[in-house]
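The block underneath contains the structure these notes are about, expressed in structure tokens.
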Amino acid sequence: MNPTFPARVPLAYLPTPIDRLDRLSRHLGGPELLIKRDDQTGLATGGNKTRKLEFLVADALAQGCDHLVTTGAPQSNHCRQTAAAAARYGLGCSVVLRGNAPAETTGNLLLDHLLGAHVHWTDGRDGSEVMGRVLAELRSVGRRPYPIPLGGSNVIGATGYVLAMQELMGQLEAERLNVDFIVFASSSGGTQAGLVLGADIYGFRGQVLGISVDHPAESLATQSAALATATATHLGLETVSVGHLVNVNDDYLGEGYARVSELDREAIALTAQLEGILLDPVYTGRAMGGLIDLVRWGAFTRRHRVLFWHTGGSAALPAFSTKLL
Ligand SMILES: Cc1ncc(COP(=O)(O)O)c(C=O)c1O
């Protein structure tokens, strides 16, 4: 299976490093822990969307577009990286954020503004309606907007994580390492779709386990599998069957998206204080909380090697200060 990758623009520092989490591993009395540092992709504090944006921006430029338009939560890491990518390529950027403008402009929202994005709030309206209106307004003044879906999760964006899996396999091979589990935060499914398709293409033998931050396992798994299959077609591959590779755990949804639980807090504190690594309260803190809990339940034991794929997000931390301390 040889995928044909479309054009991409350089935005990320790649390959991202793999570090060991020996102190956390010892503390938990659990498996050998590795961490893949996609929080260090480098684009205005980095994160997983940078890999997706390398392909999305290339597609926007190929279509002659001059303005990126996307959507997300008020503290969206995706919107912040999109704004940074637009700045790097001299494109305009508009972001449609769910809800109302908060009293304080901090975290990713502050960075959206600093990066020059035009910020629109849905203010109780339907997000796709606001997105449609922003696109229409831009067209009416002669701009050529390029819409990017929530999380950059379409076949173009997911391609970034197919390539990320190729990168990981190369790193593991060079170190002669096998990994039993890859654990990461999953939400709009693009990262998971790319990773499972990459696992299939490049022969990863372990399990790819997405910890859902906001969706029931069944719907996220269905969505990720469909996106993986569509991405395979996009890359010129014959029909692939990856449904069996999509594993989603939704035990850690707690009180919902961006509602910080005791386990999220513990995971953030342990990773910061034992390893000097910052997680975020919405995605990676929740995924690490899941990993820690799975060690405590005995799902991951000393015989396993587990790689935590850090997908970024620490830029959101200031917006959650009262929930974290
Ligand atoms: C820090 C972080 N981790 C993980 C994710 C989830 O990635 P995906 O939407 O591709 O499932 C996101 C999405 O916004 C994110 O910002």
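Quick look at the numbers
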item	result
Inter-centroid distance (Cα atoms) of the range 92-109 relative to the range 283-325, Å	25
Descending principal axes extents, the chain, alpha-carbon based, whole Å	61, 49, 33
Reachable lysines, given that their alpha-carbon falls under 17 Å from the alpha-carbon of Lys36 and they are not under 8 places away in the same chain	Lys49, Lys52
Reciprocal of mean inverse Cα separation for the range 38-185 (Kirkwood radius, Å)	16.2
Diffusion coefficient, µm² s⁻¹, Stokes-Einstein with Kirkwood Rh over alpha-carbon pairs of the range 180-305 at 37 °C and 0.692 mPa s	217
Contact order normalised by residue count of the chain, Cα under 8 Å, 6+ apart, percent	22
Residue with peak Gaussian network fluctuation, the chain [Cα springs, cutoff 10 Å], from Cys65, Cys79, Cys93	Cys65
Antiparallel bridges, percent of DSSP beta bridges restricted to the chain (to nearest 5)	10
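Bear in mind these aren't lab numbers, they're just calculated from the coordinates by the rules spelled out. Note that this is a predicted model, so its numbers are computed, not measured.
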